[in-house]
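Participant: Here's a structure for you.
The values are calculated or read from the model by the stated rules, or taken from the named source; none is laboratory data. Here the structure is a predicted model, which is why all the values come from computation and not from measurement. With ideal geometry, Cβ positions are generated from the backbone for all residues, glycine too; neighbour counts draw on all protein chains shown. Surface areas here come from the heavy atoms of the whole protein model, side chains and all, with no ligands, DNA or RNA. Shrake-Rupley method; radii C 1.70, N 1.55, O 1.52, S 1.80 Å.
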Amino acid sequence: QVQLVESGGGLVQPGGSLRLSCAISGIFFSGYAMGWYRQSPGKQRELVGSISRGGTTNYADSVKGRFTISRDNAKNSVYLQMNSLNLEDTAVYYCNALYYSGSAYVPMFDAWGQGTQVTVSS
């Protein structure tokens with residue numbers, strides 16, 4: 001039974017930073033690429049960034065240069081360091097394992113975690 005637990009969100013001023021954590025259990029963690037998603041009210045969930053089994057990262061254009069994904073296989077965890085936050089980053093952030101469909105990364109598991117709320121406001 002896979003469980004995804006996100007944490008680290010909160011209220012932050014524009015220009016501030018947050019570090020999100022995601023702990024995943026029930027899978028062989030090191031065998032999966034991982035991703036961070038976010039969803040704002042009324043908006044489609046989007047893939048913010050990904051990290052491969054080997055540590056290669058990719059980011060959405062909107063966060064490139066500001067966000068950094070990392071993973072610690074010994075802790076079954078993936079992290080999202082968010083710097084220079086702006087209002088557009090306000091969303092609920094989720095993690096999931098990823099697999100490549102042949103054309104794009106897609107989430108592995110249907111059962112999402114609760115997510116963690118990030119609110120950027122002055």
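Participant: Which of the strands (runs of 3 or more DSSP E) found entirely inside the range 20-74 contain at least 3 residues meeting this: more than 17 Å from Phe109 (Cα to Cα) and open to solvent by 10 Å² or more (accessible area, probe 1.4 Å)?
Facilitator: Working: elements: 33-39, 46-51, 57-59, 67-72.
The strands (runs of 3 or more DSSP E) meeting that bar are 57-59, 67-72.
Participant: Free of Cβ contacts under 8 Å to residues at least 24 places away in the same chain, farther than 14 Å from Arg19 by Cα and open to solvent by 70 Å² or more (accessible area, probe 1.4 Å), is that true of Ser122?
Facilitator: no
Participant: Continuing with the same structure: Whether any residue in the range 29-48 is aromatic (Phe, Trp, Tyr), under 19 Å from Gln114 (Cβ atoms) and touching a residue at least 12 places away in the same chain (Cβ under 8 Å) is what I want to check.
Facilitator: yes
Participant: When only residues in the range 80-104 that are of a type in the set (Phe, Trp, Tyr) and surrounded by 20 or more Cβ atoms within 10 Å (Cβ to Cβ) count, which is farthest from Val120 (Cα to Cα)?
Facilitator: Tyr94
Participant: Does Thr119 satisfy being farther than 18 Å from Leu11 by Cβ and touching a strand residue (DSSP E or B) at 6+ places or on another chain (Cβ under 7 Å)?
Facilitator: no
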